[in-house]
Amino acid sequence: MKIKTRFAPSPTGDLHIGGVRTALFNYAFAKKNNGLFVIRIEDTDISRSTKESTTIITSAMDRLSMQSDEPIVLQSQNTKKYQEIIDTLLKSGNAYKCYCNKQRLEDLKITKKKEKKTYKYDGKCRYNKEDKNLPFVVRFKNPQDGRVEFDDLIKGKIIIENSQLDDFIIARSDGTPTYNLCVVVDDITMKISHVIRGDDHLSNTPKQINIYKSLGANIPKFAHLPMILGEDGKRLSKRHGASSVLQYLDDGFLPSALINYLARLGWSHNDLEFFMPDDFFKIFNLKNVNKSAAIFDPAKLLWLNQQHIQKTDKQEIADKLLQFLEKHNIKATIDEKFLFLIEAFQPRAKTLVEMALMCKNYYKDFNKYDEKAAKKNFNRDAIEPLECFIKNINNIDNFQKDEIKTQIQITLDDLKIKMPHLGMPLRAALTGGSFSPSIEIVAYILGKQTTIKRIKNAIKYIEAFA
Ligand code: GLU
Ligand code: ZN
C-alpha cells in the first residue's frame, strides 16, 4: 500500500506550533517514504470553523513549503458521504437511533457521579426496534466484549477493553456527523496509510478502529505524538507568547529554522542539532520520536534562527528580506549593494526583522543617532577629520570602494591620525550606529551625495551638542 499521510486541522483559529509539528511529521514521513501528504480541513463544526482560519492555515503551510500533494479536502464538502456511511451502519445493525432525551442522560450522569463511576451511555436504545416520531441521535454499537489492540508506532502496544468504551454518538440530533465518524470515513476514502497526530487523540483511536472493523475497511497504522509543553509544564498555548506560526514568520523567523526546531523537539538523530528541511526529510523516522512530552524553548528557537540566517545563501536571505524592508516603506532591489549589507549583517542578526532594522538607514535618512554611538564617537576632535574627508572625496568623480579607501588613507596621512579617529565618527555619521560593513563599502552604498550630506549633519550635531 502506498504511504499516504494527512494533516487534518480544525479551522478554528491560528495554526499554532503544536499543529505545525504534527503537520511536519506527517509531511516528513510521507516524503521519506516516497509517499503522499494531503491537507484536510476538518470544518464540520460550523459554529467554530471559519473561512479565515482555513486561509491562515493553508497560507502558513504554503509559507513553510509543506504543500498538499492532492487538492485540499474540506470535510464540509463530504456530508453526503458521511450520511451514506451512517445509513450503512444503521442498516447493518452497527449503529442505532437513540431517543433518550437530555434529562435522562443528565440523570444518568448524576447517578454515575454519585457512584464515583465514569459516565457511559447505558445502552437503553440499543435493542429498540421500532422507529419513533421523536428527535434522535445515532450511536455506534460498540462491541461489548473483547478488546481493541493496536501497535502505536511511537507508544508501542496499546490495549483497550471494549467494556471501557460506550456507544458513542456518530450523528447529532440535527443529523450532523461527529468527529470520530468523519475522520474514519475520510481516512478510508482518502486511502490514508498512516495516521500521525497528537496523543490528545489517543482515546479516540479505539473507537475509530471499531468503526473501521464494522465497515470491513483496512485499518491504517497509528502514531501518536507526545504533546508540546510550555516552560511551566502546561500544554503550550497562547499564554506562552507567540504560538501562532504566522506570527513567528512575521517576526522574522526562517521557515527552515522553525522546521529544524520543531523537528528536534521530540525527535532526534544522534547529536544532530542543525539541519535544513530537505536533509530532515531524508532521515526522519518515527522510531526516533520521543515518547514523552517536549518543552518548547523560545530562546533555543531564536538561537537556531540565527544559525539558519548565517548558513542560508545570501541571495535567499535577500529575497526574504525584501518584504521586511517593505514594512519600513523601503523598496529595495537585490543588487551588489544590498548583498554587501546582507553579508555584513548575516553573522549578527537573530531575525529578519532585526536585519531589516540594521539595513534601514542605508535606504532612508534617519533623524536620530544611536545614543551610545553618538556619545562615544561625536566629540569636538572628530570635526577636523570629518571635514578633511569631505574635502578629499569632493575631488573624486569615481566614487568606488577602492577610490574611497584611498581617500580615507589620504585623510589619515594629511592629519597624521590613526584610522579610529576618522573611522568611528564617520561610521556613526553615515549609519547612525556603531556597526556596519567596512566604511568604504558604507560610503559606496550611500553614494557621494548622501555621504557628504550625512557627514555635514553629523558635524552640525557635534557643534550643537558635543
Ligand atoms: N481535527 C483534529 C484536530 O484538529 C485532528 C483529527 C485527526 O488528526 O484525526 O485535532
Ligand atoms: Zn437512548
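The values are calculated or read from the model by the stated rules, or taken from the named source; none is laboratory data. Computed from a prediction, not measured in an experiment: that's the story for all the values here. For neighbour counting, all protein chains shown are included, and Cβ atoms are generated from backbone atoms with ideal geometry for every residue, glycine included. The accessibility values were calculated without ligands, DNA or RNA, using every heavy atom of the protein model including side chains. Shrake-Rupley method; radii C 1.70, N 1.55, O 1.52, S 1.80 Å.
Looking only at strands (runs of 3 or more DSSP E) that lie completely in region 1-101, which have at least 1 residues being more than 16 Å from ligand 2 (Cβ to nearest atom) and touching a residue at least 60 places away in the same chain (Cβ under 8 Å)?
Result: 4-7, 36-41.
Cβ contacts < 7 Å: first residue in a loop (DSSP other than H, G, I, E, B), restricted to region 110-132; second residue away from ligand 2 (no atom under 13 Å from the Cβ), any location; separation 6+ or different chain. Result?
Here the result reads 118/112; 119/109; 119/112, each pair linking region 110-132 to a residue that is away from ligand 2 (no atom under 13 Å from the Cβ).
Collect the residues in region 16-48 that are aliphatic (A, V, I, L, M), within 11 Å of ligand 1 (Cβ to nearest atom) and open to solvent by 10 Å² or more (accessible area, probe 1.4 Å), keeping them in residue-number order. Reasoning before the result, please.
Going through region 16-48, the residues aliphatic (A, V, I, L, M) turn out to be 17, 20, 23-24, 28, 30, 36, 38-39, 41, 46.
From what is left, the residues that are within 11 Å of ligand 1 (Cβ to nearest atom) are 23, 41.
Scanning region 16-48 gives no hits.
Have a look at 225, 249 and point out the one that is at pLDDT 95 or above, away from ligand 1 (no atom under 13 Å from the Cβ) and open to solvent by less than 10 Å² (accessible area, probe 1.4 Å). Don't jump to the end; show me each part of the working.
Working: 225 fails: away from ligand 1 (no atom under 13 Å from the Cβ).
Answer to the selection: 249.
Tell me which residues, restricted to region 200-222, are open to solvent by less than 40 Å² (accessible area, probe 1.4 Å) and farther than 14 Å from residue 7 by Cα.
Matches in region 200-222: 204, 205, 206, 208, 209, 210, 211, 212, 214, 217, 220.
Within region 397-431, restricting attention to residues that are over 28 Å from residue 367 (Cβ atoms) and not in a helix (DSSP H, G or I), which residue is most open to solvent (accessible area, probe 1.4 Å)?
416
Do any strands (runs of 3 or more DSSP E) entirely within region 141-246 hold 3 or more residues that are over 16 Å from residue 95 (Cα atoms), and if so, which?
So the answer is 147-152, 156-161, 194-198, 221-225.
Quick test for you: out of 114, 124, 132, pick the one residue that is within 11 Å of ligand 2 (Cβ to nearest atom) and over 22 Å from residue 162 (Cβ atoms).
On inspection, the qualifying residue turns out to be 132.
May I ask you to list the residues in region 252-274 that are open to solvent by less than 10 Å² (accessible area, probe 1.4 Å), part of a loop (DSSP other than H, G, I, E, B) and closer than 23 Å to residue 154 by Cβ?
266
Hey, any hits in region 200-221 for a residue that's free of Cβ contacts under 8 Å to residues at least 60 places away in the same chain, more than 23 Å from residue 303 (Cβ to Cβ) and under 23 Å from the mean Cα position of the chain (by Cα)?
yes
Kindly evaluate residue 341 against the criterion of being open to solvent by 50 Å² or more (accessible area, probe 1.4 Å) and more than 21 Å from the chain's Cα centre (by Cα).
No: the conditions fail for residue 341.
Would you say residue 169 is within 16 Å of ligand 2 (Cβ to nearest atom), of a type outside the set (Lys, Arg), in contact (Cβ under 8 Å) with a residue 12 or more places away in the chain and touching a strand residue (DSSP E or B) at 6+ places or on another chain (Cβ under 8 Å)?
Judged against the criteria, residue 169 is a match.
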